[in-house]
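Notes to accompany the following structure.
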Number of protein chains: 2
Amino acid sequence: MLIVRSAPDSRTVLRDLHAQLKAAILEGRLTAGIRLPASRVLAATLGVSRNTAVAAYDMLLSEGYITAKAGAGTFVANTVRASQRTPRTQAGNAVDARLNATSRAVARMPPSQAATVPQFDFPLGVPDTTLLRLDIWNRISARCLRALPHSALAYGPAEGQPSLRGAIAGHASFTRAVACSANDVVVSNGAQQAFDLLARTLVTPGKTRVALENPGYGPVCAAFVAAGARIVRIPVDVHGMQVHRLPEHVHIVCVSPSHQFPLGCVLSAQRRIALLDYARTHRAVIVEDDYDGEFRYGARPLDALQTLDREQCVFFVGTFSKSLFPALRIGYIVAPPWAQRALVATKTHTDRQSNVLAQETLAAFITQGHLARHVRKMQGIYSSRRQRLLDSLRADFAPWLSPVPSAAGLHLAALTAPAINAEALIARALSADVGVGSLNQYGHGRATPQGLLFGFGAIDEAKINAGMKRFRSMLREEVTGSP
Amino acid sequence: MLIVRSAPDSRTVLRDLHAQLKAAILEGRLTAGIRLPASRVLAATLGVSRNTAVAAYDMLLSEGYITAKAGAGTFVANTVRASQRTPRTQAGNAVDARLNATSRAVARMPPSQAATVPQFDFPLGVPDTTLLRLDIWNRISARCLRALPHSALAYGPAEGQPSLRGAIAGHASFTRAVACSANDVVVSNGAQQAFDLLARTLVTPGKTRVALENPGYGPVCAAFVAAGARIVRIPVDVHGMQVHRLPEHVHIVCVSPSHQFPLGCVLSAQRRIALLDYARTHRAVIVEDDYDGEFRYGARPLDALQTLDREQCVFFVGTFSKSLFPALRIGYIVAPPWAQRALVATKTHTDRQSNVLAQETLAAFITQGHLARHVRKMQGIYSSRRQRLLDSLRADFAPWLSPVPSAAGLHLAALTAPAINAEALIARALSADVGVGSLNQYGHGRATPQGLLFGFGAIDEAKINAGMKRFRSMLREEVTGSP
């Protein structure tokens, strides 16, 4: 820290400050290119006058130690000779043995290229955030911050703010018929932390066998693998996970019954019963991933596994990433009573608790009915987009693609006809500036269904039309040789 | 979900809605005692008129399925016969074999009693949040939310918002002389997640040996134990961790050099060099916990280990829990380049990213100089409180307690004289309505120093005076038999 000793006159203060800043730059503690605080910030930090701070900067500027860029700020100059530091070893390029095996594997992977976003992009799992009433969110947030007792700014309950746990219990009970009270809810940073907390609470490394859907959602797998689970992959067909193919001795079954990721199908009623039977017989637990179950099209949905559960074996995972926005980072677990304390302990040593202001704002947003209103509005909008996409797929892409039946969520899967190479099709789409996903990317083994994935959360109807038209022309050209 | 099918007239809608709510209650999907949404929320959710929602509630009310409490809302009645559900088994009382070993150990511990807070409380690690300029925070937060592009509400970089990484690099470079740029910073949910991310990135379960200070901060230990580390405890004296007692083959050394937790001492310059030598020789890494290093009293601090590091072996962990407020849940790691990608991957499968609005607000708060101003203001206030406490300890408690020299942070440790039983002293304090911590609680083994801990972050000078006076009278009474 730069400390200005109390000095009798401002010239001494200035000389001290200048000397210390210069030394910090020469010794490399302030590295080349780093932005220095504004002079008023410098003055406030060190308790010197603004004039002194400005004068010190002026001296360094004239000596070439720092540079000023108009409108951007003051920076440590690049011309300063290399610091005394040993040049940083090139360890960044090699894989360092100080990382554990999982981390070394990550470090070995080629860095992903920042892709440019196509003009007509169908990204997966991204809701439309342009239609959020941010004004309401803002107002509630400001009100919550003013109303929060000061004690709430210190440490609070790891399981979540009581207000939010109550609001979530009401929301899940009411919209998804999940039987729960506030005490059953553990607040997490999005669904991803929910999976991570469950994995760390339930998995014994090297022993616990976890069944995942194939194809399935990679990040769930990543959380369980990181906890040391042994992964078993269960194929999925149009009725969801093929529950009858679960081997003996699986301890945890992860399933997305209301809108399978990525195929989009619904786990049939018969399989729901069979899965709960399996859990009872084998004393297994079920992780029910309801990531976008709020958005439903058509008939009344089947009961959630949690609703049907009589054995306290289901963990229901929900998130506000799709119904509100991902950057909020709030999700939740509705957990059976026997696992509550352990889950809360895991949350405590993982990150203590979630951001309190976001929790309180969300609680009020739900309680005042704004979430319900937003979901209802978006359901209408997503429904139209989905229909537009389905119409186009059925009318114009019938020889190549057949949509997988689904009743919920923010994306559609379409299987490619056997003679079609899905990856080639995706490349063709991209050359028409249309971005679609690949089913193949989420599958393991030869039996992976081949097809395309269309997220419709973040693309409007006009763009769906235009994009699908371009994609179609590209294919016609392919077949007939003329547009 | 309750779905109202499109119906020709409002009576049919009402009949449907009533039947569905009643069924949900009878089947236990809406459990007794749960609060129902307000009629306008119900109406918005289901797309029925407000009148229909009110009428449905009226019918259920008259039938006794729900109750209304003035000013509180509408609730599912407790008088409804028990649902068809199998009564929840009493598994909550026994330890369930479906938890892993760590979680079973947690579940076996007796539940902690909610203690009443003493009138004169000296809590550890809690800053004074009553003096925060929440009005400024609020204004910046609202401005950030309005200014954020919609894309920022979707998924963003796991390592943190670029604005915040830059602001933290400037802050750490400038106030702690930590040599870094924005690219070296990984944003975490407070220091606790920083430790957790490091443990999960570096520890090979059952193999990696991690040295911790004894006495030391329990939650750091919890994070490394959860990752499967083998713990080695190194004693601490008034010069910090006794680095010369590090055994061979330690892979990770966790240390709090600027203000050891809980003793409060500073790691000496000699030991800093010795520790860096150890790390170089043994190819170990150092986790430098700088949890409250912003608040300094007196001389210029010693250089951070990160500043002295020439081998890319130091991970510097900082937090805004003490300099701003804990409920913000933002901390950071300044990591060497070789570990960056792996840390970011761990963060990704742990919880994807931290709350974006909190990150952006904090970035602006720092960049505009408000953090520096707040720290400077609080430093003056904490300094007075600390002095008051020290004066009292030296003047009035000399026979019993001797303060441990320290130069930073938000708490003081005071060792008990050999003849004094520290735990009995703490109990005496509590009977005078004075809450102090116990050193013993943070130590392992017989060599643990005995003493008391006084946090002065969340207690003002008047209360420090009054509390210490009461504590003193209680002791005099003890000794002389009269007040």
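The values are calculated or read from the model by the stated rules, or taken from the named source; none is laboratory data. Since the model is a prediction, treat every value here as computed from it, not as a measurement. Here the Cβ is made from the backbone with ideal geometry for all residues, glycine too, and neighbour counts use every protein chain on show. Just the protein is used for accessible areas: all its heavy atoms, side chains included, with ligands, DNA and RNA removed. Shrake-Rupley method; radii C 1.70, N 1.55, O 1.52, S 1.80 Å.
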Output field shielding_mean for B:98-111 (other chain Cβ, 10 Å radius) holds 6
Mean Cβ-within-10 Å packing, highest first, puts peptides A:14-23, A:251-260, A:434-443 in the order A:251-260, A:434-443, A:14-23
Where the only charges are on Cβ atoms (+1 Lys, Arg; -1 Asp, Glu), what is the dipole of the stretch B:273-384 about its Cα centre, to the nearest 20 debye? 220 debye
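What does the net charge come to around residue A:247 if you take all other residues with beta carbon closer than 14 Å to its beta carbon, with K and R at +1 and D and E at -1?
+3
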Which residues qualify? For residue B:253, with a placed amide H closer than 5 Å and at least 5 residues away or on another chain, they are B:211, B:285, B:286, B:287
In what sequence, largest accessible area first, do B:347, B:377, B:69 appear using a 1.4 Å probe? B:69, B:377, B:347
Residues listed by number, the stretch A:443-461, amide nitrogen under 13 Å from residue A:245 label point at 7 Å toward C-beta: A:443-450
Hey, for residue B:300 with labels 7 Å out along Cα-Cβ, what do the inter-copy distances come to in nm, ordered shortest first? 7.6
By how many nm would the segment from residue B:237 to residue B:428 lengthen if fully extended, with 0.36 nm per residue of separation less the alpha-carbon distance? 66.1 nm
Let me know the charge dipole size of the protein assembly as shown about its Cα centre in debye, to the nearest 20, where only the beta-carbon of Lys, Arg (+1) and Asp, Glu (-1) is charged. 240 debye
Taking the Cβ-Cβ separation of residue B:417 and residue B:109 as r and a Förster radius of 25 Å, what is the calculated FRET efficiency to the nearest 0.05? 0.15
Kindly identify residues of the stretch A:121-170 having a loss of at least 50 Å² in accessible area between the isolated chain and the assembly of all protein chains, probe radius 1.4 Å. A:129, A:134, A:138, A:145, A:150, A:153, A:155
Over all directions, the stretch B:186-307 yields a Cα convex hull whose mean projected area in nm² is 7.3 nm²
Mind checking the mean number of beta-carbon atoms from other chains within 10 Å of the Cβ atoms in A:34-45? 6
Distance in Å, no decimals, from the C-alpha centre of the stretch A:187-228 to the one of the stretch B:224-298 is 33 Å
To confirm my reading of the symmetry, which residue of chain B has the Cβ nearest the axis that brings B onto A, and what whole-Å distance does it have? B:355, 2
Dividing the helical contributions, -39500 (n - 2.57) per DSSP H run of n ≥ 4, by the residues of chain B yields a 222 nm value, nearest 500 deg cm²/dmol, of -13000 deg cm²/dmol
Among the listed pairs B:207/B:322; B:22/B:69; A:22/B:347; A:207/A:347; B:207/B:347; A:22/A:69, give every one whose C-alpha distance is greater than 27 Å. B:207/B:322; A:22/B:347
Virtual spin-label span in nm between residue A:460 and residue A:117, 7 Å along Cα→Cβ: 1.4 nm
Of all accessible heavy-atom area on chain A, the percent that carbon and sulfur account for (1.4 Å): 54 percent
Work out the FRET efficiency for residue A:72 and residue B:446 from their Cβ-Cβ distance, taking R0 = 56 Å, and round it to the nearest 0.05. 0.40
What are the label-to-label distances in nm, one decimal and shortest first, from residue A:207 to the same spot in the other copies, with labels 7 Å along Cα to Cβ? 2.1
If each label sits 7 angstrom from Cα along the C-beta direction, how far apart, in nm, is residue A:441 from its counterparts in the other copies? 4.9
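Can you check what the net charge comes to around residue B:40, using other residues whose Cβ is under 14 Å from the Cβ of residue B:40 (Lys, Arg +1; Asp, Glu -1)?
Summing Lys and Arg as +1 and Asp and Glu as -1 gives +3.
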Any aspartates and glutamates whose Cα falls less than 20 Å from that of residue B:463, other than same-chain ones fewer than 8 residues away, would be B:121, B:128, B:391, B:396, B:433
Mind checking how much accessible area A and B bury in total, 1.4 Å probe, in Å² rounded to 100? 10200 Å²
